[in-house]
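See structure below.
Taken together, the values in this text are just the output of simple stated rules run on the coordinates, not laboratory data. Owing to the predicted nature of the structure, the values given are computational and were not obtained by experimental measurement. All Cβ positions, glycine included, derive from the backbone under ideal geometry; neighbour counts span all protein chains shown.
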Amino acid sequence: MTTILSIHRLSKSFEGIRAVNNISFDLNEGELLAMIGPNGAGKSTCFNLINGQLVPDSGSIVIFGKKINGLKPRHIWRLGVGRTFQITSTFISMTVLENVQMALLSHHGRTLNVVRKVQNLFMDESIELLERVGMADQQDRACGTLAYGDLKRVELAVALANNPKLLLMDEPTAGMGPKERSRLMELTAEIVQTHRIGVLFTEHDMEVVFKHADRIIVLNQGKLVAQGCPEDVRRDTGVQEIYLGREEAARLEKII
Amino acid sequence: MGFLIVQFLTGLSDASGLFLVACGLSLIFGVSRIVNFAHGSFYMVGAYLAYYLIGYLPLGGLSFWASILISGLIVGLIGILVEVLLLKRLYRSPELFLLMGTFGLILVIQDLSRWLFGSEDLLGPRCPGLDGSIDILGTLLPQYDLALIIIALLILLAIWLLLNRTRWGILVRAATEDREMLAALGVNQSLLFTSVFFLGSFLAGLGGALQLPKGGADLLMDLNVIAGAFVVVVVGGMGSILGAYLAALLIGELSAFGVLVLPQSTLVMMFLIMAVVLIIRPYGLFGKGKSGEYEYDEKTSAPIQPASERLKLAGLGLLLLVLLMPLFAGDFQLVLMIEIAILALSSMSLYFMMGPGGMISFGHAVFFGGGAYAAALLVHHLNTPMELALFFAPLLVGLLALIIGWFCVRLSGVYLAMLTLAFAQICWSIVFQWSAFTGGDDGLLSIWPSDWASNRIVFYYLTMTLCIGGILILRHLVFTPFGYTLRACRDSALRVDSIGINLKRHQWFTFALTGFFAGLAGSIYVFSKGSVFPDEMAIPRSFDFLLMVLLGGIEALSGPVIGSAAFIWLHDLISRIHFWQLILGSIFIFLVVAFPRGIAGFLDNRFGRIFSNHIGPRA
Amino acid sequence: MRFVRRLVVFFTLILFLPFFYPAFSDAADTIKIGEINTYSKLTNFTFPYRNGWQLALEEINTAGGVNGKKLEVISRDDDGKPGQAVKIAEELVRKDKVILLMGSFFSHVGLALTDFAKRNKVLYIAAEPLSDALVWAKGNRYTFRLRPSTYMQAAMLAEKAAENPARRWATIAPNYAYGKDAVKSFKKILKAKRPDVEFVAEQWPALFKINAGSEIQSLANSKPEAIYNVTFGGDLAKFVREGNLRGIFKDVFVVSLLTGEPEYLDPLKKEAPEGWLVTGYPWYDIKTPAHDKFLAAYQNKFDATPRNGSVVGYNVMMTVAHMLKKSGSTDTEKMVDAMEGLAFESPIGPVTYRKIDHQSTMGAYVGYTAQKEGKGIMVEWQYMDGKDYLPGDEEVRKLRGK
């Protein structure tokens, strides 16, 4: 198995607070790795370090054997990293199809073309990508009018446009209903299998995590507290402490 | 020594005057994101009201201060009226259209003031008790200068207390920093906006009234003061009162000492300062990032569709009409058509930047006027024939646009718009002042077309070919990968970055394209008029283009063409009438209220179905 | 809302209707004159001017018009923009079929029309613009100018100023062509008459945006014995007030262009300066039959006192009438020929349009300012005939580049 993402002793502070504190982990080809932890554990910071939106204080991030510290997101994408956002971010003035076409135009280095019409470019490839995520039937709808779950799937199609070997998904199922969640994760798992992509995703829904993830890493207060297969993590007492406390509280709240 | 102290205090007093105008503007912008161009008009009304009140109030020495306060309050009430009757209706429409509403207000208030207050320049009364001077080491300083310095500081303190020590102030600050949060808190935004608008207008009126002893009231005050006020607000950081004070201080002192070293610097000093500050600090001295961004929502940006068969047919019909025009139209109608075509091309290039590009420019005239000057200078100094001038001028302007754009694309929203304004003003002042090369404000004359094109009809066809060609190319660009990428950059900077697109580079090239086509329009313009003057580069020209684009509507590709045709024809129709500004301003206000999507947007709404391709539902 | 929409459709249709009107011209029994000026800005100058030509027009037409036809003036606003002025000129000439153009206030607007006149072979009589270039560097066959130019007025002042012993001079002028021309001419002429004077400081405030305090302080810092001022309007008011408060006019001789014109002197009221050497128009004090008649008629018609603009407006209209009488034709070339050397008596003295440069010899009043009943007036004034303050033929030919 090839390691495609390797994090080594990664740290980042904001105004003296260590949001990410000396974290190391690897991600392999064809693996679905979940990153979990309570709010403020450092998941988002960690994610933004990997995708280039933040620059680490120390440590290294290596993707496909290349150290990417300090590279801009658009450069990291060029290495073959796809990405979806916690809050969907699509081009609202475009149709579903055009959103995917945009990613393909960029992938093929055609964004400065001032001669051809977009209408005729990369149609088949775009439709194929949309078919893969099950959005082909809505290809002419404006993104501004889509349901949230559909937007997430459009984002996935966009993220897949450059044939990524690594996919970063920040809360891919946030804001979706239970049925949709499971469908999206099944879809993701299938893509991972067929294309041998590595996926790193954060997730709040434990059910989704334990059902779909191949491996889980747990962050708490900026530190990596546990990692392993779902069964191991479930049994880890440290993790239980972090999570069960919360679930107890949630249960109590429901009763009241 | 006495001189230096007095010069410093004089600069401080000028700064205080600037701050008094700007602080209200900054408050209003911070909370409601309204770029209120009519702020200068409120200032002017404040000055006039106070002038007359001081004469009428029977309070002796007190009437001076009482009048100032009362005029401030009256202007505040006018502000409430404007906010409730006009602006409130517009909050839900795209923010840009508010600009057009406030432009309309300027025109309306201008003519109403002429009617109410008369056209005579009024010399302000002196301030009783403070009408002398004090001696500082042998140099005299007017007492009122000191009074202004203290008043400005008191107002700064009062606003600070209001913002930091009252519940209302906390809400205002919350609204300035995070609008969503405010909405989430369930605060009555409508009331908050109205109250802020009242306070801002009150301060404008107060500022106008307070400067009476330093000058007076005249009908040019509104526009004379507004540019400076905006510069102060932007340099300070929009929404920051302390920033506005420091910016005013910076500008006041640098101007006061600047005239010692370089007396000719008066035209450009303020804009130079703004350009430098914005290049170093993209959000002004105290500005927080993002607060000046324009938001595009789905209403402003439905997916674009290529022309349907019917639309193409209609366009062809229109083209035929334009081409056959010389057969039945009078000479002057051809002149008007030429002007419309030229300005439509220039507006279209601005639209390309504003609509798909999402970058607002307050300085578009620099490209249009730049093209006119480039062509005129080529002809004047190098005896270049018209054909070559038409070829090189747009290229030169494209180059200029690359230079200006390189700085501007680092910014966004209002800050970007203001930096374009700063560059436009800097270029304008170079053209204005460098008389040996550019002819200064006496302009360049006798720039006429080559012999073969000097026939009116030939020139008509030449203009139409170039302008319609340019417009169609720009239209085509919107449908190309470049145009799409540009829209993508506008829609989501985050997303384009994550699909490998260099946003700034595309925006930068947009500047070049915009410059090129506006430069082309400008170079044809100069041959159609025969002469060029710095006015073609000045602020009012930039605003003309902005108005044409907004009039047409920002979302429809045909907007700029319809907008400029409407603008010019409207202007021509009513400019024979007395008080035409009142009528034109009212029409603008009526238009923004009646159809906030612009004329083309409205036509699209109403008749769009006839021309649509029937692909899926429209957004 | 439905109603509003309908209104909008209706309105839009109306808006575009004129596109399809055929051009028409009516051959009525009037002679049409095109008049262009800045009526939406600077109205305190242009409204009295309009009164002036309206008065003259009335007098001409009650007397039966010219050559049996009445005169009709089509007056338009140029918004102070040269581009707009050229467009309106096109409209007046092509659509309204006027026989000639007159008017304009700003120099650059005047220059744009000058060029338009040359290109289209249309007679243009510039009324108020002062720019020297209008008749010299950019002068042409079709352009004439009524009002004494910047050079002439500066020359009148410089001649008088040379009599003052002051040697250290400072200048302040608005930062545009008019201000620069006015300073340049004044310096040149004063230096010629008084080689011992030196110019020790200069200030160039932006037009109507003077920072009076700091700029005056800078002037004062150079300890001038005399100041030459070109600012006007709102700038002048600020200049006067700040200067007084800062005590810089004490023991300083001030020479000020145009300040004696009621347009600029009246607004100053009781703060009007005293003892300044100015050009202007002391209508209250001119006791000639011609002026008395003009004054009475003006006050009778408008219930207001005349300003310098009123005289200019009156004279430009009268110019047209006299010219038409002389030419007996509305053919442009014949009218131009008639304009060259045209002479007539104006309320303030004889006016001749010089053949050599198309500048009229209308003069100006030069005198000292004083206070009377809380108002500024001119005293010890004298009318200076314009013909005495124009350069010699040789120099004019050089200036006109012929």
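If I build a Gaussian network model for chain A, linking alpha-carbon pairs within less than 10 angstrom, which residue out of A:Ala213, A:Ala147, A:Ala34 has the largest mean-square fluctuation?
A:Ala147
With each pseudo-label sitting 7 Å past Cα toward Cβ, what's the B:Leu388-C:Lys325 distance in nm, one decimal?
5.4
List the trypsin sites (Lys or Arg not before Pro) in segment B:489-540 that DSSP assigns to loop (not H, G, I, E or B) and whose Cβ has at most 16 other Cβ atoms within 10 Å. Which are they?
Passing both the DSSP loop test and the Cβ count: no residue.
Considering only C-alpha atoms, what is the centroid distance from segment B:488-509 to segment A:15-84, in Å?
22
Step through the residues of segment C:305-321 one at a time and calculate ³J(HN,Hα) from phi using the Karplus curve (6.51 cos²θ - 1.76 cosθ + 1.60, θ = phi - 60°), rounding each to whole Hz and writing x for Gly and Pro.
Karplus values, whole Hz, x for Gly and Pro: 8, x, 10, 4, x, 4, 5, 4, x, 4, 5, 5, 5, 5, 4, 4, 4.
Ordered by residue, what ³J(HN,Hα) values in Hz, to whole numbers, does segment C:264-274 give under the Karplus form 6.51 cos²θ - 1.76 cosθ + 1.60, where θ = phi - 60° and Gly and Pro are x?
Ordered by residue, 3J(HN,Hα) equals 9, 7, 4, x, 6, 6, 7, 9, 4, x, 10 Hz.
So, counting K/R as plus one and D/E as minus one, what does the shell of residues with Cβ under 13 Å around C:Phe208 add up to?
Net charge around C:Phe208: -1.
Within segment A:1-92, which GluC sites (Glu not before Pro) sit in a loop by DSSP and count at most 11 neighbouring Cβ atoms inside 10 Å?
Hits after loop and neighbour filter: A:Glu15.
In the neighborhood of B:Leu163, defined by Cβ-to-Cβ distances under 14 Å, what is the net charge if each Lys or Arg adds +1 and each Asp or Glu adds -1?
Once all neighbours under 14 Å are counted, the net charge is +2.
Can you pull the Kirkwood radius for segment B:309-611, inverse mean 1/r over Cα pairs, to one decimal in Å?
In segment B:309-611 this quantity evaluates to 19.7 Å.
Viscosity 0.692 mPa s, temperature 37 °C: Stokes-Einstein D of chain B from its Kirkwood Cα radius, in µm² per second?
129
Are there chymotrypsin sites (Phe, Trp or Tyr not before Pro) in segment B:331-372 that DSSP puts in a loop and that have at most 11 other Cβ atoms within 10 Å, and which ones?
Loop-located and lightly packed - none at all.
For chain B, what does the helix formula give at 222 nm: sum of -39500 (n - 2.57) over DSSP H segments with n ≥ 4, over the residue count, nearest 500 deg cm²/dmol?
-24000 deg cm²/dmol
Averaging sequence separations of C-alpha pairs under 8 Å and six or more residues apart, then dividing by the length of segment B:309-611, give the relative contact order as a whole percent.
Once divided by the residue count of segment B:309-611, the mean separation gives 32 percent.
Compute the FRET efficiency between C:Ala370 and C:Asp303 as 1/(1 + (r/R0)^6), taking r as their Cβ-Cβ distance and R0 = 30 Å, and round to the nearest 0.05.
So, using R0 = 30 Å, E works out to roughly 0.70.
Let me check against my output: what whole-number percent is the relative contact order of segment B:2-280, with C-alpha pairs under 8 Å and at least 6 apart?
Normalised by residue count, the contact order of segment B:2-280 is 42 percent.
Against the longest alpha carbon principal axis of chain B, how many degrees, from 0 to 90 and to the nearest 10, is the axis of helix B:365-382 turned?
Tilt of helix B:365-382: around 70 degrees.
Pop out the ³J(HN,Hα) list for segment B:241-258 in order, Karplus 6.51 cos²θ - 1.76 cosθ + 1.60 with θ = phi - 60°, rounded to Hz; leave Gly and Pro as x.
Result, rounded to whole Hz: 6, 4, x, 4, 5, 5, 4, 4, 4, 4, 5, x, 6, 5, 5, 4, 8, x.
Could you state the angle between the C-alpha long axis of helix C:177-193 and the longest principal axis of the C-alpha atoms of chain C, as a value from 0 to 90 degrees rounded to the nearest 10?
The two axes meet at around 50 degrees.
Show the residues, 5+ positions off or on another chain, whose built amide H is closer than 5 Å to the amide H of C:Leu258.
Correct list: C:Thr279.
Which angle between 0 and 90 degrees, to the nearest 10, do you get for helix B:167-177 versus the longest principal axis of chain B when only C-alpha atoms count?
Approximately 30 degrees, to the nearest ten.
Relative contact order for chain B: what is it in percent, counting Cα pairs under 8 Å that are at least 6 residues apart?
21 percent.
If you place +1 on the Cβ of every Lys and Arg, -1 on the Cβ of every Asp and Glu, and leave all else neutral, what size is the dipole of segment C:113-266 about its Cα centre, to the nearest 20 Debye?
Computed about the Cα centre, the dipole is about 560 debye.
Assuming 0.692 mPa s and 37 °C, estimate D for segment B:46-151 with Stokes-Einstein, Rh taken as the Kirkwood radius over Cα pairs, in µm²/s.
196
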